[in-house]
Each structure stands twice: as C-alpha cells, then as structure tokens.
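Notes follow once the structure below has been shown.
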Amino acid sequence: MKTITPTSLFVFSILSLGLMGCVTESALPAAAVRRFYGVVESYGGGQIVMKTTQHSTGTWKVDRATQVTGAIREYDWVSVEVEKSGHVTSLQLEEHPTLHGGVVKAISGNGVVLTVHSGPNMESWNKVETTLGDRDVAVGDEIGVKVYSNHNLAYVQIIKHGVK
C-alpha cells in the first residue's frame with residue numbers, strides 16, 4: 001500500500017485548485033526570467049534598448065555574465081531573456097535587416113502595408129509594432145528602409161516627400 005507524503009499532497013492540492021480555477025497567476029511564483037523579441041534601438045555601454053513585440057521599449061543591463069550569440073547591432077531582430085532585476089541573461093541575434101530604398105506607390109491595410117517601387121521591382125513592406133523611425137509615410141515619399149526577409153520593416157526614413 002502506498003502512503004501519501006505531505007509533499008505529494010501539497011502538489012496534488014495545488015494542481016487540483018489550478019484545474020478548478022481557484023488559483024490565480026499571482027498566487028503562483030512568477031517566472032524568474034522573461035523572453036522578449038524585438039528590434040534593437042541601441043546596444044553598448046552595458047545596456048540594450050529594444051522595441052518589443054509587447055508594444056513597449058525595454059532598457060536592460062548587459063554584462064560579462066550575459067550569453068551573447070551573434071554580432072548584435074542597431075536594428076537587428078533579437079531575442080532576450082531578462083531577469084526581474086533587468087539583467088539580460090541571454091541575447092541572441094535572430095536576423096540582420098538589409099538596406100533598401102524606393103518610392104511609395106500605395107499604402108493599404110490601414111497604413112500597414114507599403115507598396116514600394118524599389119529598383120526594377122514593386123515590393124510590399126510591412127510596418128509593424130516594432131518598426132522604428134518615421135511613422136507618417138505617404139504615397140509619393142521616397143524612403144530608405146531596413147527590412148527583414150519576411151518583409152517587416154525594422155526602420156523607415158523619409159528621404160524626400162512627393163517624388164513622382
């Protein structure tokens with residue numbers, strides 16, 4: 001016959017209460033480390049500043065204890081693991097954007113999708129919550145951008161308004 005230990009009884013109670021909806025998230029210990037994804041605004045001097053996919057900007061501490069994977073630079077798409085203290089435990093490069101330019105020919109999707117004549121091609125680039133730089137792009141603007149392979153924009157700069 002198996003005996004029930006105090007530890008197993010405690011675990012069973014917590015699981016049961018959780019399944020019944022009686023335990024809220026605040027009653028359980030919070031994760032010591034959180035993961036964020038986003039665009040690097042600045043990196044150096046012992047800190048990283050990045051615009052995250054959670055509609056916020058994070059400013060966190062980076063030091064010798066931080067595990068850095070890849071050569072991180074401004075406008076890179078990165079993932080970070082951050083302790084509650086604001087210390088980055090892991091910083092990983094996901095993608096470097098590439099530099100492009102062109103003239104905006106159309107804007108759709110409530111201002112989210114820019115159709116741009118870039119070189120000999122027509123391309124569609126997406127302004128997303130992490131896009132940095134100029135926000136008020138209009139049809140006819142000549143722009144310079146840093147864009148990822150999925151066509152999301154890291155950065156937009158209006159070079160000249162009203163180019164035909």
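The values are calculated or read from the model by the stated rules, or taken from the named source; none is laboratory data. Just so you know, these numbers come straight off a predicted model, no measurement behind them. Reconstructed Cβ throughout: ideal geometry from the backbone, glycine too, with neighbour counts over all protein chains shown.
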Of the residues that make up the range 137-150, is at least one under 27 Å from Q47 (Cβ atoms), out of contact with any Lys or Arg (no Cβ under 8 Å at 6 or more places or on another chain) and part of a loop (DSSP other than H, G, I, E, B)?
-> yes
Mind checking whether some residue in the range 93-104 is hydrophobic (A, V, I, L, M, F, W, C) and over 20 Å from the mean Cα position of the chain (by Cα)?
-> yes
Scanning the range 79-118 for residues that are surrounded by 14 or more Cβ atoms within 10 Å (Cβ to Cβ) and over 21 Å from Q157 (Cα atoms) gives S79, V80, E81, V82, E83, H87, V88, T89, S90, L91, Q92, L93
Within the range 35-57, of all residues that are hydroxyl-bearing (S, T, Y) and in contact (Cβ under 8 Å) with a residue 24 or more places away in the chain, the one farthest from H87 (Cα to Cα) is T53
Every listed condition ((1) more than 13 Å from the chain's Cα centre (by Cα); (2) in contact (Cβ under 8 Å) with a residue 40 or more places away in the chain; (3) surrounded by 17 or more Cβ atoms within 10 Å (Cβ to Cβ)) holds for Y75 save (1)
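Being of a type in the set (G, A, S) and in a loop (DSSP other than H, G, I, E, B) is the requirement here; does A106 meet it?
Values: of a type in the set (G, A, S): yes; in a loop (DSSP other than H, G, I, E, B): no.
Considered against the rule, which asks whether it is of a type in the set (G, A, S) and in a loop (DSSP other than H, G, I, E, B), A106 comes out as no.
Each row is one residue, and each column tells you yes or no for (1) of a type in the set (V, I, T); (2) out of contact with any strand residue (DSSP E or B) (no Cβ under 8 Å at 6 or more places or on another chain); (3) farther than 22 Å from V49 by Cα; (4) outside the structural domain of V40 (by TED's automatic domain parsing).
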site	(1), (2), (3), (4)
S108	no, no, yes, yes
L114	no, no, yes, yes
G119	no, no, yes, yes
S124	no, no, yes, yes
V128	yes, no, no, yes
G133	no, no, no, yes
V145	yes, no, no, yes
A154	no, no, no, yes
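Within the range 41-91, work out how many residues are basic (K, R) and in a strand (DSSP E or B). Full working, then the answer.
Step one: filter the range 41-91 for residues basic (K, R), giving 51, 61, 64, 73, 84.
Pick out the ones that are also in a strand (DSSP E or B) and you get 51, 61.
Here the count works out to 2.
Please count how many residues of the range 75-90 are in contact with a Leu (Cβ under 9 Å, 6 or more places away or on another chain) and either farther than 14 Å from Y37 by Cα or not assigned by TED's automatic domain parsing to the domain that holds S42 (or both). Give the derivation first.
From the range 75-90, those in contact with a Leu (Cβ under 9 Å, 6 or more places away or on another chain) are 75-81; that's our starting set.
Those still in the list that are either farther than 14 Å from Y37 by Cα or not assigned by TED's automatic domain parsing to the domain that holds S42 (or both) too: none.
Total meeting the criteria: 0.
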Picked from the range 119-136 (must be outside any loop (DSSP other than H, G, I, E, B) and exposed (fewer than 15 other Cβ atoms within 10 Å of the Cβ)), the residue farthest from the chain's Cα centre (by Cα) is N121
